[in-house]
Amino acid sequence: MKLIATLNYPVVIHYCGDDELEYVESQYQIRDLLGSLVINDGVIDSSGNYYRVISNSELLLINSFNLEEFTLLLQKHAFALANCCITKMHFASFAEGFAFVKQSG
């Protein structure tokens, strides 16, 4: 699948080996990041679909996160940014989680 085709925006980039996440609003913004994505980086779209980068222009759908799994990833992101009380973080929707990543960036 082409990298920017059929993703539900916004998306979150999960760089391989890094707990910090990057918020990407649109396909136009992700085009600017194509050069920085490497094989095994992850992309999570606003529907909770998780894709792995398999080349500089292609993604492979790996699975779909449920809200609990996404919350764990957001807690790791918050910890990497030295936020406190991460175990108390809860999100009622993917939209709330994406808003948190956008605000923390």
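Data table
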item: Residue within the stretch 57-67 that is surrounded by 14 or more Cβ atoms within 10 Å (Cβ to Cβ) and part of a helix (DSSP H, G or I) present; result: yes
item: Condition met for Ala99 (small (Gly, Ala, Ser), without any contact (Cβ under 8 Å) to a residue 60 or more places away in the chain, touching a helix residue (DSSP H, G or I) at 6+ places or on another chain (Cβ under 7 Å) and assigned to a helix (DSSP H, G or I)); result: no
item: Count of residues meeting criterion [modelled with pLDDT of 90 or more and among the basic types (Lys, Arg)] in the stretch 48-105; result: 2
item: Residues that are part of a helix (DSSP H, G or I) and either surrounded by 15 or more Cβ atoms within 10 Å (Cβ to Cβ) or of a type outside the set (Lys, Arg) (or both), drawn from the stretch 4-37; result: Gln27, Tyr28, Gln29, Ile30, Asp32, Leu33, Leu34, Gly35, Ser36
item: Residue list for the stretch 55-98, restricted to those being closer than 15 Å to Ile44 by Cβ, aliphatic (A, V, I, L, M) and in contact with a strand residue (DSSP E or B) (Cβ under 9 Å, 6 or more places away or on another chain); result: Leu59, Leu60, Leu61, Ile62, Leu73, Leu74
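The values are calculated or read from the model by the stated rules, or taken from the named source; none is laboratory data. Keep in mind that this is a model prediction, so the values were computed, not measured. Note that each Cβ is placed from the backbone with ideal geometry, even for glycine, and that neighbours are counted across all protein chains shown.
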